1. Working only within region 32-51, note down all residues that are surrounded by 18 or more Cβ atoms within 10 Å (Cβ to Cβ) and more than 23 Å from Pro122 (Cα to Cα).
2. Given the conditions (1) in contact with a helix residue (DSSP H, G or I) (Cβ under 6 Å, 6 or more places away or on another chain); (2) part of a strand (DSSP E or B), and given that Glu134 satisfies all but one, which numbered condition is not satisfied?
3. Please verify whether Leu58 is among the hydrophobic types (A, V, I, L, M, F, W, C), under 28 Å from Glu165 (Cα atoms), in contact with a His (Cβ under 8 Å, 6 or more places away or on another chain) and surrounded by 16 or more Cβ atoms within 10 Å (Cβ to Cβ), treating the condition exactly as stated.
4. Since Leu216 meets every condition but one in (1) surrounded by fewer than 14 Cβ atoms within 10 Å (Cβ to Cβ); (2) of a type in the set (A, V, I, L, M); (3) within 14 Å of the chain's Cα centre (by Cα), which condition does it not meet?
5. With respect to Pro156, is the statement that it is in contact with a strand residue (DSSP E or B) (Cβ under 7 Å, 6 or more places away or on another chain) and either surrounded by fewer than 17 Cβ atoms within 10 Å (Cβ to Cβ) or in a helix (DSSP H, G or I) (or both) true?
6. Among the listed residues Arg102, Arg116, Arg93, identify the single one that is closer than 12 Å to Ile31 by Cβ and either charged (D, E, K, R) or not assigned by TED's automatic domain parsing to the domain that holds Glu37 (or both).
7. Just one of (1) in contact with a strand residue (DSSP E or B) (Cβ under 6 Å, 6 or more places away or on another chain); (2) closer than 26 Å to Ile8 by Cβ trips up Val133, so point out which.
8. Of all residues in region 159-175 being out of contact with any Ser or Thr (no Cβ under 7 Å at 6 or more places or on another chain) and over 11 Å from Ala205 (Cβ atoms), which is surrounded by the fewest Cβ atoms within 10 Å (Cβ to Cβ)?
Amino acid sequence: MRRDQIEIQHLEVECIIGIRPEERTLPQPLIVDVELEFDLREAGRTSRIADTCDYARLSAEITALLRFRRYTLLENAAEEISAMVLGLHHATRLALRLGKPRAIVGAHRAGVFVSRTPADYPRRREASRFGEVEILLETREAGLYLLHIDPQHCIPLHHHEVMHELEWLVHGELVQDGNVLELATPRVWTPGIVHAYVNPSDRRATLFCCDTPPFLPHDEIDEVAQ
């Protein structure tokens, strides 16, 4: 029996997607349809957004990942989006359709459809100097992680020489360059850009992080105090 659902239909994202030379340089529209199964009875009684899935936030997360990643295959995009969404939201099932309207002349669109559950993405956890890293998925091209930063801990000033990073605050409180981060506001860190996060609160904070390529320990280069 199908359960309650949150759905987004025909979300259009301009992004780099495809294998042809022109597709590697020119953005094109990608059409995203997503359904998430939830038990929505509690939200129906409390009227609290915390008891359901904020579909505006969900669409922003999918858009941010698509624009950051520059995928070649729709299959790769579908797998990473599925792992990210199921890692950030407490859904029991996800159905995702990705369509390229410009893929085939004469066709409405070409695309892929996937159906996934949390069991498709067994998570691994690793201890870290700032708390814990939860590995949602690692593909050949990228790694998707949740960085759990313990109270009164920090990710110290560092930069990368190889990795590109997409990050945003999932929950909790973090300070970056003296500013309190807003929830679900994406930041992209390119090689050479120094950054750090501080958790000044008494509860754990969580960052979503996508690294391309997947995390390289030797590329986490701390800044030496002068």
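The values are calculated or read from the model by the stated rules, or taken from the named source; none is laboratory data. All values reported here derive from a predicted model rather than from experimental measurement. Note that we place each Cβ from the backbone using ideal geometry, even for glycine, and neighbour counts take in every protein chain shown.
1. Within region 32-51, just Val32 meets the criteria.
2. (1)
3. yes
4. The one condition Leu216 does not meet is (3).
5. Against the criterion (in contact with a strand residue (DSSP E or B) (Cβ under 7 Å, 6 or more places away or on another chain) and either surrounded by fewer than 17 Cβ atoms within 10 Å (Cβ to Cβ) or in a helix (DSSP H, G or I) (or both)), Pro156 qualifies.
6. Arg102
7. Answer for Val133: the failing condition is (2).
8. Glu161
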